[in-house]
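To start, the structure itself, in structure tokens.
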Amino acid sequence: MERSKGWDASGDPDGPRILEEAAQHLVRSLNRSPSPEEQREFKDWLEQDYRHELAWAEVQRLWQGSGDLPEAKARAATKKAVSRRDIGKALIFLTAGGGAAAWYLSDHPFADYRTGTGERKRVTLPDGTRIDIAAQSRLSLDYTESERRLTLEEGEAFFQVAKDARPFVVGVGRGTVTALGTAFGVTYRDGEAAVAVTEHATRVAVGGDVERISAGFRLHYRDTALGRPERFDPETEFGWREGRLIFTNEPLGAVVSSLNRWRRGTIVIMTSALAAQRITLIVDIQRSDEILDQLTLVVPLRVVSITPLLTFLLPK
């Protein structure tokens, strides 16, 4: 096939098949050193179609991105890294730096409370305030005689605020959330914040804008733009506190993004069309080994496990 300026696997009827072939080549080469015959077969496959080369580059990139876990780093380190121009001599392996411990401490290393992948934490502050902290979260504490201030550096937390004469303020991104005798949750990921109130109210301030959020409502904001309050379901929003993840008519891409915070390893959706499919799903966090089986029951897809640390999802 003649090379074009770009290739969109989602818009190519052969895209899922080609991506799966590339993934299978990666699986075989990770499991053992390829024989000379297998290397020739791989080289032939690579040269058959320019799309094969692009698919191979993509699965390599995804494998490299899984290297923040020490097992992935160790496996990748045992492979010889060579130029793609020299692909006829050997397979390409890119060693990813870091490790789980480095990731755990790399962002906001002085945060007072932090959780790793799949971890929940419940803490009680000196004033009696109780906080539930979701997976992959960072929270800093700064209590003074005049104010109780916290900063959610990233992640998600639920606050049950104890009575105290001092104001209780959570900094989230460029905004602040002030409790008004409140139980509420805050999420902050990729520059977007959400505040969801279950009891009483909060006051959210971003730039010069201020909004009072009452119980039963949630508000999103980014940078200096406040959204509008909307009703939400507390059981769905905060199911993680009870060990459940509840998704109702959510895009698979958003579901997988959340699942990757709660299970060991990384799930990658290989086409945008598959990522856009909406699903409804309830996941038991304590049974994360069953998540992939659950996904295959609610959406037509194929699962290609590169290692226990990296799984590709492709459409059937």
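Evaluating Ile279 against the criteria (1) in contact with a Gly (Cβ under 9 Å, 6 or more places away or on another chain); (2) not in a helix (DSSP H, G or I) leaves one unmet condition, (1). Confirm whether Leu105 is hydrophobic (A, V, I, L, M, F, W, C), within 21 Å of Glu21 (Cα to Cα) and modelled with pLDDT under 50. Criteria not met by Leu105. Annotation note: Cβ proximity below 8 Å between a residue of the range 301-312 that is without any contact (Cβ under 8 Å) to a residue 60 or more places away in the chain and a residue that is assigned to a loop (DSSP other than H, G, I, E, B) and charged (D, E, K, R) (sequence gap 6+ or interchain) occurs for Leu301/Lys316. Being free of Cβ contacts under 8 Å to residues at least 40 places away in the same chain, surrounded by fewer than 17 Cβ atoms within 10 Å (Cβ to Cβ) and of a type in the set (Lys, Arg) is a condition met by no residue of the range 252-266. When the test is whether a residue is assigned by TED's automatic domain parsing to the domain that holds Asp132, over 23 Å from Gln286 (Cβ atoms), charged (D, E, K, R) and surrounded by fewer than 16 Cβ atoms within 10 Å (Cβ to Cβ), Arg218 does not pass it. Number of residues in the range 292-316 that are at pLDDT 90 or above, over 15 Å from Thr271 (Cβ atoms) and surrounded by 13 or more Cβ atoms within 10 Å (Cβ to Cβ): the value is 4. Restricting the range 224-238 to residues that are assigned to a helix (DSSP H, G or I) and free of Cβ contacts under 8 Å to residues at least 40 places away in the same chain, the residue that is nearest to the chain's Cα centre (by Cα) is Thr236. There is at least one residue in the range 222-232 that is of a type in the set (Asp, Glu), modelled with pLDDT of 95 or more and under 19 Å from Thr176 (Cα atoms).
Applying the condition of being within 21 Å of the chain's Cα centre (by Cα) and buried (at least 21 other Cβ atoms within 10 Å of the Cβ) to the range 148-173 and asking which residue is farthest from Val123 (Cα to Cα) yields Val172.
For the range 26-54, the tally of residues that are at pLDDT below 85 and either in a loop (DSSP other than H, G, I, E, B) or in contact with an Asp or Glu (Cβ under 9 Å, 6 or more places away or on another chain) (or both) stands at 6.
Of the strands (runs of 3 or more DSSP E) contained entirely in the range 107-180, those carrying at least 2 residues that are acidic (Asp, Glu) fall at 148-160. Just one residue in the set Arg138, Arg166 is out of contact with any Cys (no Cβ under 7 Å at 6 or more places or on another chain), basic (Lys, Arg) and either assigned by TED's automatic domain parsing to the domain that holds Asn260 or more than 20 Å from Thr115 (Cβ to Cβ) (or both); that residue is Arg166. Return the residues of the range 239-276 that are under 18 Å from Leu310 (Cα atoms) and assigned to a strand (DSSP E or B); say none if nothing qualifies. If the condition is that a residue be under 18 Å from Leu310 (Cα atoms) and assigned to a strand (DSSP E or B), then Thr266, Ile267, Val268, Ile269 are the ones that fit. The residue list Ala183, Ala201 contains one member that is modelled with pLDDT of 95 or more, hydrophobic (A, V, I, L, M, F, W, C), part of a strand (DSSP E or B) and over 29 Å from Leu259 (Cα atoms), which is Ala201.
The values are calculated or read from the model by the stated rules, or taken from the named source; none is laboratory data. Everything quoted here is computed from the prediction, not taken from an experiment. Neighbour counts are summed over all protein chains in view; Cβ atoms, including those assigned to glycine, are modelled from backbone coordinates with ideal geometry.
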